Amino acid sequence: MALDTVDRVHVTNTRVELFESIEGIDWEDLPAAAALTQPLIRRFAQDKALFRRLLLAVEHDPYLWAKCEEDVVEDKIVLWDDIEKGLRIRLRMSTDHQQQLAHNHRFSFTNLVLRGTYLHRNYLARGGFDENTLPEDVQPVMLHEDRAGDCFTIHHNALHSTPFTELGTISLVLRGNPVKERAPVMFKEARGRDEALRRIRTGGAGSRGELSETEPDTAEVGTMFWRVGEDRESSERRAERQMSLEKYHYWCGRLEELGIL
């Protein structure tokens, strides 16, 4: 994909007509938030010229670029962020098999699936969901698929998991401002089973001591960790997760190939 210099503009504070009428989103009124944000994120996805312009400008905006990540099972590109409006638009692209991870979020959000499929579970947790919760306390109460074109809005306290059922699943997320410093995550199935079992025997990962604020590469069923905001991460951790320009350019080209741009 040719990165035309015309597209290389600073956009964080650039006027974008689509967002001008949004004064703020009350995510505590979930039906109203869904009624507002679902059409908004669909309109954004359909406006390929705007989508492309914002995507190609990201690497030239230090604020947005610092939020773009390569993680354990997915990559993330932040396209737009307006704290006053409580509005951030982020691309999520699956890169590896994802285990069933029961979790809630630091923020409420609306998700539009652009390509691929999620296998979506909703849970109830007996006695609440925190570092003292046991795997058997967390039981699924709904199972459904979210396919390309499907859109859902979820409150930050909802407990769910959304593993990708095919690599290359891509979605757009319109999220609100964080309302928590951190949110817990529980492995409902093991990651790297042999290694996880070995670490249990040697007293390593999987013990129910203080929760890590880093997603583990291997874990047993019941292992928990916190997801936190970038302000709580070390500079070393931020550098480790920072998306490379090579990967960013790959996704720019791949999104065009798929017709998403």
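The calculated P(r) of the range 213-261, using every Cα pair and 5 Å bins from 0, goes 5, 15, 16, 14, 15, 15, 14, 6 in percent. Return the whole-Å distance between the Cα centroid of the range 57-102 and the Cα centroid of the range 124-169. If you average the Cα positions of each part, the centres end up 20 Å apart. Taking θ as phi - 60° and the Karplus parameters 6.51, -1.76 and 1.60, the scalar couplings of the range 90-102 work out to 9, 8, 10, 10, 6, 10, 7, 4, 10, 6, 6, 10, 6 Hz in sequence order, x denoting glycine and proline. In this structure the amide hydrogen of L114, modeled in the peptide plane, comes within under 5 Å of the amide hydrogens of G149, I170, S171, L172, none closer than 5 places in sequence on its chain.
Suppose the chain between E20 and E213 were pulled fully straight at 0.36 nm per residue; how much longer would it get relative to their current alpha carbon spacing?
Numbers: separation 193, 0.36 × 193 = 69.48 nm, distance 3.61 nm.
Additional length available on full extension: 65.9 nm.
Cα-based radius of gyration for the range 5-161, normalised by 2.2 N^0.38 Å, reads 1.14.
Dividing the convex hull volume of the alpha-carbon atoms in the range 75-152 by its residue count gives 132 Å³ per residue. Accessible surface area normalised per residue over the chain is 47 Å², counting heavy atoms of protein chains with a 1.4 Å rolling probe. If you plug the beta carbon distance of E28 and V73 into 1/(1 + (r/R0)^6) with R0 = 25 Å, you get a FRET efficiency near 0.25. For L87, the residues 5 or more places off, or on other chains, whose built amide H falls under 5 Å of its own are D82.
Given a 1.4 angstrom probe, I'd like the percentage of the accessible area of the chain that is carbon and sulfur, rounded to a whole number.
Numbers: 5910 of 12390 Å².
Result for the chain: 48 percent of the exposed heavy-atom area is carbon or sulfur.
With n ≥ 4 as the cut-off for DSSP H runs, can you work out [θ] at 222 nm for the chain, using -39500 (n - 2.57) per run divided by the number of residues, rounded to the nearest 500?
Details: 7 runs with 64 residues, N = 261.
Computed ellipticity for the chain at 222 nm equals -7000 deg cm²/dmol.
The values are calculated or read from the model by the stated rules, or taken from the named source; none is laboratory data. Everything numeric in this text was worked out from a predicted model, so none of it was measured. We place every Cβ from the backbone using ideal geometry, glycine too, and count neighbours over all the protein chains shown. Ligands, DNA and RNA are stripped out before the accessible areas are found, and what is left, the full protein with its side chains, is counted by its heavy atoms. Shrake-Rupley method; radii C 1.70, N 1.55, O 1.52, S 1.80 Å.
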